[in-house]
Each structure stands twice: as structure tokens, then as C-alpha cells.
Amino acid sequence: RAKDLGRNGWAIFESEMAHSLQLQHQILTEFGQALRNGELCLYYQPQVNMETGQVVGVEALVRWNHPERGLLTPESFIGVVEKSELIAAMGRWVLESALIQQKEWERIGIHLRISVNIGARHFLSDGFVEDLAQILLRQERTEQPRIEIEVTETEALRDLERARKTIDLCRGLGVSVSLDDFGTGQASLTSLQQLDIKEVKIDKCFVHRIMASQKDLAIVFSLSVAARMMLIDVVAEGVETEEEGALLILIGCTVAQGFGIARPMLPSMIPDWQKKWKPFSSWKSQTTRNMG
Ligand code: C2E
Ligand code: MG
Ligand code: MG
Ligand code: MG
């Protein structure tokens, strides 16, 4: 029956029947097959310094090329997968695929850091650090791996002590950790003080509202100042317009990711995009402009 609902049928279905074990089971069975059959692929979305134009890296975002439903975004399956053991199998696949992609780009002279999302259940599990170490070894990326792990703040910090250990072990492997959807959790700022994290990504729900709401602007501003004072990098998620970008620069938040810069795209499109990309002229800071 879910089939009749079309492309995003599962997402609708999921919200209406959050407790339908049968549907969850169906999604998991199909997802397990999808992993084995190579139906998953990764799109990549650039992260840039809006002032200088420098491309800081790309985030890998999973897509499911479903044989009947077409290209599915994570909203239609990630919730269910994250509650199952399959999240670890997917995490391993994403890590390995991203590293293979990185090598392919390097062969044509494109050097990009890749951010990989890891589900909290996998991240906080016993096997995660070993998975990461093994994949880095297999891909011969042990010297200075240029990947970063993104974990969502609320989920991954459920077990702070465990998170702290995992983050330190990742650091030991040369892999830094970024807190995703930052600002939505309760303990945002105090957790920064307790964890050795390299970057926070300010959640897109705040970024969307900064133009209209002084209070949201205040939140983004203060999170950004606090993080920077702790020498933590700040990325604004979900930057959709030139104006949002300009306002973010004004409050000192220059690294951004969002549809206003680039949509997630197939890896083959990244080289061309990178050649063509230029920041809007209103994004150039006064100092940059004065220097010519
Ligand atoms: P996220 O990690 O916070 O990723 C950012 C999401 O925001 C992506 O959605 C991206 O397409 C979307 N986005 C980027 N710029 C804009 C914008 O300007 N406006 C709006 N409205 N949206 C924007 P996507 O690809 O659908 O992924 C959704 C979530 O699914 C991700 O949120 C992440 O939590 C999860 N996810 C994606 N890929 C993976 C993966 O490989 N592993 C795991 N565990 N989770 C993943
Ligand atoms: Mg992310
Ligand atoms: Mg996010
Ligand atoms: Mg998210």
C-alpha cells in the first residue's frame, strides 16, 4: 500500500503511522537489500567561506536510488534505520564510499575535506572507532585523513562520557568531530566546554529565521561568538539567500552551507561547480574589498 503513495510516500506514511511496526519492518528489509544491491549513493554539498570564496569541504549526504520509488532523501528512511543495527552497516558504507570518492577527486587535482554523518547509535557503540580505524587502513588514509565526523548534538550527547571517549579516540586517529544541528539541544554551550570538538554546525532552523527575528539572530550570534572564543569552527547550515549570508558575515559567521551556495549534487558535478563558484559581491568584507 505504501507504494501507492508515490515518491515521498514513506515520509507521509511514517508520520501518520509512527507505530506501524509492519511498515518499519518493510523499510528495514528493503533497506538491507538496498545496501547489498548498491542502491545507495552519496550526494555532496559544499561548505564555503563566504568572504574569501574558499571551499572548506563538502558534506556527504546519503540518497537511496529506489527501484520503484525513485531517488529518496533521508527523511523517508533515516528515522527507522537509525533505530536499527543497520545504521552501523550504513555508516561503514558511507565512510568507505566517501574515502573512495576523495581519492577519485584527488586523481584530478581536487582536494576536499569530506564530512560524514554518523548516526548516534553507531557513534556511541563499541564497534565505531574500530570500524573507522579499519576503513582508514583499508583505504590507506592513516596519515592525515581529511574526513570529519558529524554527529547530531542532541542524540550524540545523550551519553556525555561515552561521547567524550569516542571523540578522543577519533582525534587519536586524526579525525575530528563536528556537532550537527547545533543549538537545538539543552546543554549546547556547556557540552562544548567538556568535549574536544572541532566544529559546530548551527542548525538551519535558526539560520532561516535570522532575517525576521531579532531573537534568533541573537541566538546565532551568541553561539557563534562562544564557539569562536573556544577556538571551535562555526558553520551556518541552510543558508538560502544572499541576504542571509551577508547578515551572517556581519555577525562573524563566515563559513556556510546551503541552497544559496549550492545544493547537494552528484560527485561528478563538483569539479565544474568549484570552477564556477564565486561569492556574491555583497559578501566581500570591507577589508577584503580595500585590499583589492
Ligand atoms: P544534516 O546532516 O543536518 O544535513 C543537512 C540537510 O539539510 C541535508 O538534507 C541538506 O540537503 C539540507 N540542506 C542543505 N542546505 C539547505 C538549505 O539551504 N535549505 C534547506 N531547507 N535544507 C538544506 P538531507 O540530505 O535530506 O539529509 C537530512 C538529514 O539526514 C541530515 O541532516 C542527516 O541528519 C541525515 N543524513 C544524511 N545523510 C546521512 C548519512 O550518510 N548518514 C546518516 N547517519 N545520516 C545522514
Ligand atoms: Mg550533517
Ligand atoms: Mg544539520
Ligand atoms: Mg539534520
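Annotation for segment 26-43: at least one member residue is within 30 Å of LEU247 (Cα to Cα), at pLDDT 95 or above and open to solvent by less than 50 Å² (accessible area, probe 1.4 Å).
Among the candidates GLU130, GLU104, the residue that is open to solvent by 50 Å² or more (accessible area, probe 1.4 Å), more than 16 Å from ligand 2 (Cβ to nearest atom) and more than 29 Å from ILE261 (Cα to Cα) is uniquely GLU130.
Taken as a whole, the structure leaves LYS275 outside the set of residues that are free of Cβ contacts under 8 Å to residues at least 60 places away in the same chain, within 22 Å of ILE149 (Cα to Cα) and either within 16 Å of ligand 2 (Cβ to nearest atom) or open to solvent by 30 Å² or more (accessible area, probe 1.4 Å) (or both). Those residues that are assigned to a helix (DSSP H, G or I) and in contact with a strand residue (DSSP E or B) (Cβ under 9 Å, 6 or more places away or on another chain), I need them from segment 25-59; list them, please. Of everything in segment 25-59, those that are assigned to a helix (DSSP H, G or I) and in contact with a strand residue (DSSP E or B) (Cβ under 9 Å, 6 or more places away or on another chain) turn out to be GLU30, PHE31, ALA34. The single residue among PHE280, PHE259 that is under 30 Å from GLN102 (Cβ atoms) and away from ligand 2 (no atom under 16 Å from the Cβ) turns out to be PHE280.
GLU59 meets the conditions (1) of a type in the set (D, E, K, R); (2) over 16 Å from the mean Cα position of the chain (by Cα); (3) surrounded by 19 or more Cβ atoms within 10 Å (Cβ to Cβ) in every case but one. The failed one is (2).
Being of a type outside the set (Asp, Glu) and open to solvent by 80 Å² or more (accessible area, probe 1.4 Å) is a description that applies to ARG171. In this structure, is SER125 of a type in the set (Ser, Thr, Tyr), part of a loop (DSSP other than H, G, I, E, B) and under 27 Å from GLY185 (Cα atoms)? It is true that SER125 is of a type in the set (Ser, Thr, Tyr), part of a loop (DSSP other than H, G, I, E, B) and under 27 Å from GLY185 (Cα atoms).
Selection over segment 181-228 of residues that are more than 16 Å from ligand 4 (Cβ to nearest atom) and in a loop (DSSP other than H, G, I, E, B) gives a count of 10. When the residues of segment 232-272 are narrowed to those that are outside any helix (DSSP H, G or I), of a type in the set (A, V, I, L, M, F, W, C) and farther than 24 Å from LEU195 by Cα, which ends up modelled with the lowest pLDDT? Here the answer is ILE251.
The values are calculated or read from the model by the stated rules, or taken from the named source; none is laboratory data. Keep in mind that what you see is a predicted model, and the values were worked out from it rather than measured. Glycine also receives a Cβ, built like all others from the backbone with ideal geometry; neighbour counts cover every protein chain displayed. When the accessible area is computed, the model is the full protein with side chains, heavy atoms only, and any ligands, DNA or RNA have been set aside. Shrake-Rupley method; radii C 1.70, N 1.55, O 1.52, S 1.80 Å.
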